[in-house]
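None of the figures in this text is laboratory data; all of them are computed from the coordinates on show. Remember, predicted model here, so these are calculated numbers, not experimental data. Every residue, glycine among them, receives a Cβ derived from its backbone with ideal geometry; neighbour counts consider all protein chains shown.
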Amino acid sequence: MIRIFEHKDAGTLLARKAQRLGEAEKVVAPILADVRRRGDAALLDYCRGFDGFDGPSVRITPRATLDPIFERAVFTAAANIRDYARFQLPQERFVDYPDGRRLGQIVRPLDSMGAYTPAGRYPLPSTLLMNVIPAQVAGVKTICVACPRPSAEILGLAAWLGVTHFFQMGGSQAIAAMAYGTETVPRVERIVGPGNIYVAAAKKLIAGETGIDFIAGPTEILIIAAEGRAKWIAADMLAQAEHDIDASAILLTTSRTLAESVASEIERQLETLSTAGVARPSIDNNGAIVVTESLDQAVEFSNALAPEHLALHDSSLLSSIQTAGSVFLGPSSPEAAGDYASGPNHVLPTSGAARQRGGLSSADFVKVISVQQLQPDALARLTPAITTLARAEGLEAHARSVECRHS
């Protein structure tokens, strides 16, 4: 049964389980090096050994017909994801200042990206949408999808999205192939998407040479509610718990009555949940309900945890939130809506990475390039500041490159 803590006893929840990334890095480092060295030959060896792949090439052409009901759902979700990705895309703009400076920025897409789409316990066509659509909105020309065991829905969705570079490969070997390139797989400029610990370790090791989104750990949700329907809150916690036995679901509440009601409701729902085999150990080992003295104390706890998903049943708390991967406001905004169809991306930072950044967006697939143009009078006004700073640094040629324009 889920544990109920008083706030003073809940400090251990802030210390997440170590991902054992160090151990995983030792496993994947030789695989990365081998794929880099031997290309397709090594890639096929690992795909056959780890994924049960038996084809002559990892490159396949997505061909599948989407079930009409599934296609209608995809159409709704894709439209909302695309609209939100357009909203997030940085814009080109220029400003002309009265002193003769014209400053601005241009926005250029990456040439290529790799989208890792998991297909282990659960195939995730929704992650394919979240990975690919922002890159399409950004204007990325070459979009590569890696999936070890694509379902019919994933293959059909890839075709529906117009993906032409689809590779049946998974694990660290897929990350290596996209990071370094092989005879079959093009090298990409950024790799995104969640995966297991070996995928995470591989992304960490190649991050210096290829861009990544972030190193993802077990998924998590934190809910803050002083009041609410126990049935809804319990369902939201179980929706997160069923992902993985290492997933975590935490409720912060000022109400001991609500805490006990949610705990009981979780038990009732687990009795009929088809994924209870995963959700039960997740709830028992990583789930928690914390009774806080105030909502301010709950917000302080949340900001320290920096959760991947944060559900606020009281929308007025939003102004106090400093760290979260994605925020869900009000009781009618379940995290599952964000997983699939409301629009914002569900590829989000975990394990405290929300302290540094938010979720995947179209901005991850563009370069924002600064532009500056100075009129002669503007340069003349800046010359004293430029030359003084340059000479303070001992860079005489810098100073002279400006002064010579006035002689």
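Within the chain, DSSP assigns beta bridges of which about 35% are antiparallel (rounded to the nearest 5). The stretch 176-190 and the stretch 96-154 have Cα centres spaced 16 Å apart. For the residue pairs LYS8/LYS203; LYS8/LYS204; LYS204/LYS367, the C-alpha atoms sit more than 26 angstrom apart in LYS8/LYS203; LYS8/LYS204.
Per DSSP helix of 4 or more residues, -39500 (n - 2.57); summed, then divided by the residues of the chain. What does that give at 222 nm, rounded to the nearest 500? It would help to have the intermediate numbers written out before the result.
On the way: 14 runs with 175 residues, N = 407.
Computed mean residue ellipticity for the chain: -13500 deg cm²/dmol.
A simple spin-label model places pseudo-atoms 7 Å from Cα toward Cβ; at VAL368 and ARG149 they are separated by 4.1 nm.
Residues MET130, MET237 in ascending order of nearby Cβ atoms (within 10 Å, fewest first): MET130, MET237.
What order do you get for VAL58, VAL366 when you list them from fewest to most C-beta neighbours inside 10 Å? Write down the numbers at each step before the final one.
Values: VAL58 24, VAL366 21.
Ranking VAL58, VAL366 by Cβ neighbours within 10 Å, fewest first, gives VAL366, VAL58.
Look at (1) 193; (2) 146; (3) 168: the one that is volume of the Cα convex hull per residue in Å³ derived from this structure is (1). Defining a contact as two alpha carbons under 8 Å apart and six or more residues distant in sequence, what relative contact order in percent does the chain show? Here the relative contact order equals 21 percent.
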